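The values are calculated or read from the model by the stated rules, or taken from the named source; none is laboratory data. Computed from a predicted structure; not experimentally measured. All Cβ positions, glycine included, derive from the backbone under ideal geometry; neighbour counts span all protein chains shown. For accessibility, only protein heavy atoms count, side chains too; no ligands or nucleic acids. Shrake-Rupley method; radii C 1.70, N 1.55, O 1.52, S 1.80 Å.
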Amino acid sequence: ITTEVLSRMQALEKINSYRSDSFFYVTAWNKLYKRELFANARFMKGKLHEDEFIVHHLINMADSVATVGDILYYYVQRSGSIMNSKVTEKSLDIVEAMLDRYAFYQSIHRKDLAVTQLRATMWSIISRLDRMDSGVNPEYVKRTVKPVKKAMLQKLDLRVIYLLKAWVGYCHRRKKEQKI
């Protein structure tokens with residue numbers, strides 16, 4: 001990551017989660033914010049991935065976004081932390097946040113970013129598959145996936161539909177295996 005000053009639109013493009021470096025632009029811990037931005041925006045209480053819910057709204061209210069290429073924060077990953085734990089129903093909050101970003105991109109008439117965000121949401125779901133906690137209710141997973149599936153059907157991206165169908169099927173098979 002380099003030192004740069006981005007326009008609002010450039011920054012919104014950078015947080016698009018399909019990019020490999022998007023985490024840098026989405027996370028809350030690596031930015032300084034003007035206090036005024038929080039006059040009408042708050043981190044969502046009780047949600048994991050709370051930065052995913054708010055970053056696009058904050059960027060949209062800013063005139064510009066500056067990044068610094070220096071490493072000024074060291075992230076320590078511990079065993080048992082959110083990043084290293086099994087995926088639970090609570091950790092699927094990220095899907096809700098990404099769908100909010102999808103709707104946001106549509107509201108500002110950036111359909112290109114909306115579609116890319118939708119694909120990123122699907123890949124985020126699938127990437128959590130291997131880390132899925134055996135106690136996650138498949139019906140909850142199905143309800144979480146349903147809005148993504150519906151939106152992708154509207155975009156006629158059948159590859160994604162097949163992958164999501166396979167994922168929900170996998171969750172159902174795991175549930176059956178647990179009962180045996």
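Worth pointing out:
- Within segment 4-47, restricting attention to residues that are in contact with a Ser or Thr (Cβ under 9 Å, 6 or more places away or on another chain) and more than 24 Å from residue 115 (Cα to Cα), the residue that is modelled with the lowest pLDDT is 30.
- Scanning segment 28-55 for residues that are out of contact with any helix residue (DSSP H, G or I) (no Cβ under 6 Å at 6 or more places or on another chain), assigned to a helix (DSSP H, G or I) and closer than 21 Å to residue 2 by Cβ returns no hits.
- Residue ranges of helices (runs of 4 or more DSSP H) in segment 75-180 with at least 1 members modelled with pLDDT under 75: 111-127, 138-155, 158-179
- Matching residues, segment 32-66, being farther than 26 Å from residue 125 by Cα and touching a strand residue (DSSP E or B) at 6+ places or on another chain (Cβ under 8 Å): 64, 65, 66
- Scanning segment 56-65 finds no residues that are in a loop (DSSP other than H, G, I, E, B), within 21 Å of the chain's Cα centre (by Cα), aliphatic (A, V, I, L, M) and within 20 Å of residue 90 (Cα to Cα).
- Output for segment 21-41, where each listed residue is of a type in the set (D, E, K, R) and farther than 18 Å from residue 61 by Cβ: 21
- Flag if residue 4 is open to solvent by 30 Å² or more (accessible area, probe 1.4 Å), in contact with a strand residue (DSSP E or B) (Cβ under 8 Å, 6 or more places away or on another chain) and over 24 Å from residue 98 (Cβ atoms): yes
- Inside segment 10-47, residues that are open to solvent by 40 Å² or more (accessible area, probe 1.4 Å) and either within 20 Å of residue 128 (Cβ to Cβ) or touching a residue at least 60 places away in the same chain (Cβ under 8 Å) (or both) make up a count of 8.
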